[in-house]
Amino acid sequence: MKTVHAYAASEAGGKLSPFTYELPKIEADQVDIKVHYCGICHSDLSMVNNDWGMSQYPLVPGHEVIGEVMAIGGAVNNLAVGDLVGVGWNANSCMHCNQCMGGDHHLCTTVEGTIVGRHGGFSDYIRTHWSWAIQLPKGIDLKKAGPLLCGGITVFNPILLAGVKATDRVGVIGIGGLGHMALKFLNKWGCEVIAFSSNPKKKKEILAMGATQVINSTDPKELEGIAGSLDFILNTTNVSLDWNSYLTSLAPKGTLYTVGAVLEPMAIPAFSLIMGEKSVTGSPTGSPAAIRKMLEFCTRHDIYPIVEEFPLSQVNEAMEHLEKGKARFRIVLKVK
């Protein structure tokens, strides 16, 4: 048995308080990880508040973990004690269904979220299945890498799935925690990148992140000016928008891809799809292989999120900073 020291919410919307729990004897396919850094994702806030109706308390948030392998089960042969690894939204999958066998572990029907029914990385240790402990490339910046494990792969995976090409003209809706990473990825992918933002004051900053052009999403004339020109649009916001305006911005056979957790039904006019053979789709995070590919891409091109760092002891201040919309652009907790 190992005692884990963590911060947990005891009720929906509650503050995080010191919390300890015991890890039983490690199983053959498991890995114990000492947490060095853990990003704070908006999903952590949603889980603390039980916005999605699946939270269990006490709840230890944290699913953007950077840490060091401290113990491995007898069947683990791809990792060794001392390896630096990252853990994202998922911590376990069955490893025998068609999805897992096909490389889509994140689509496994019994996939286990790192903070869904188990305790996450706002702690000194976490335990995962070996397949979701992703070995980090040499030279990666540990202080900034955490948000890549959830937010980063969330916007990188659509680039792979949609077959985005370097010659494509693409758009990103919402330049916040997710969107600013999407800009960096697509810029280094070679695309011409149009950023949609409702805040004109951020234009200079957004261009510095890799956007080719910034469109004021509240100005119909600016939206009309790019009608029929984009091959791919990635929505990172979690609010309802005038979807038809963005569908109109797509070129024939273009794709509107959403990763923002919009809770209301999306109003998609049929003829806006039919007449241009356009599509609307979405995805969750990504497979272990996709995460590895993303981390290698980031290390090669020096792509990292813009982060603010807080010590784990100030986790409530950090969560409040996020909830008030003050994060610029991601928050990382220093644990060790």
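Assorted remarks:
- Share of carbon and sulfur in the accessible heavy-atom surface of the chain [1.4 Å probe, %]: 51
- The stretch 138-223: trypsin sites (Lys or Arg not before Pro) in DSSP coil with no more than 11 other Cβ atoms inside 10 Å: K138
- In a DSSP loop and with at most 14 other Cβ atoms within 10 Å, there are no chymotrypsin sites (Phe, Trp or Tyr not before Pro) in the stretch 109-168.
- Charge context of G113, other residues only, Cβ under 13 angstrom, K/R +1, D/E -1: -2
- Using alpha-carbon coordinates, inclination of helix 179-189 to the longest axis of the chain, degrees: 80
- The chain, Cα convex hull volume normalised per residue, Å³: 131
- Within the chain, DSSP assigns beta bridges of which about 55% are antiparallel (rounded to the nearest 5).
- Beta bridges per DSSP, both residues in the stretch 132-269: antiparallel share near 0 percent.
- Summing Cβ point charges (Lys, Arg +1; Asp, Glu -1) relative to the Cα centre of the chain gives a dipole of roughly 700 debye.
- If you sort I331, I306 by accessible surface, 1.4 Å probe, largest first, the order is I306, I331.
- Label-to-label distance, A80 versus N49, with points set 7 angstrom from Cα along the beta-carbon direction: 4.6 nm.
- Angle in degrees between helix 151-161 and the longest Cα principal axis of the chain, rounded to the nearest 10: 60
- Rg ratio (alpha-carbon, reference 2.2 N^0.38 Å) - the stretch 177-336: 1.14
- Take every pair of alpha-carbon atoms less than 8 Å apart whose residues are at least six positions apart; their mean separation over the length of the stretch 160-272 yields a relative contact order of 24 percent.
- Across all Cα atoms of the stretch 75-146, the radius of gyration (one decimal) and Dmax (whole number) stand at 13.0, 36 Å.
- Which listed pairs, of K25/K138; K188/K324; K138/K293; K143/K293, have C-alpha distances above 22 Å, in listed order: K25/K138; K188/K324
- Here the stretch 220-272 yields Rg over Rh of 0.95, to two decimals, using C-alpha coordinates and the Kirkwood radius.
- Mean separation of Cα contacts under 8 Å (6+ apart) over length of the stretch 203-336, as relative contact order %: 16
- For the listed residue pairs K34/K144; K203/K278; K165/K278, the alpha carbons are over 24 angstrom apart in K203/K278.
- Ratio Rg/Rh [Cα only; Rh per Kirkwood] for the stretch 134-181: 1.02
- The coefficient of translational diffusion for the stretch 104-206, derived via Stokes-Einstein from the alpha carbon Kirkwood radius under 20 °C and 1.002 mPa s, stands at 133 µm²/s.
The values are calculated or read from the model by the stated rules, or taken from the named source; none is laboratory data. Only a predicted model underlies this, so the values are computations on that prediction, with no experimental measurement involved. Please note: Cβ atoms are built from the backbone with ideal geometry, for glycine as well, and neighbour counts cover all protein chains shown. Only protein heavy atoms, including side chains, enter the accessible area calculation; ligands, DNA and RNA are left aside. Shrake-Rupley method; radii C 1.70, N 1.55, O 1.52, S 1.80 Å.
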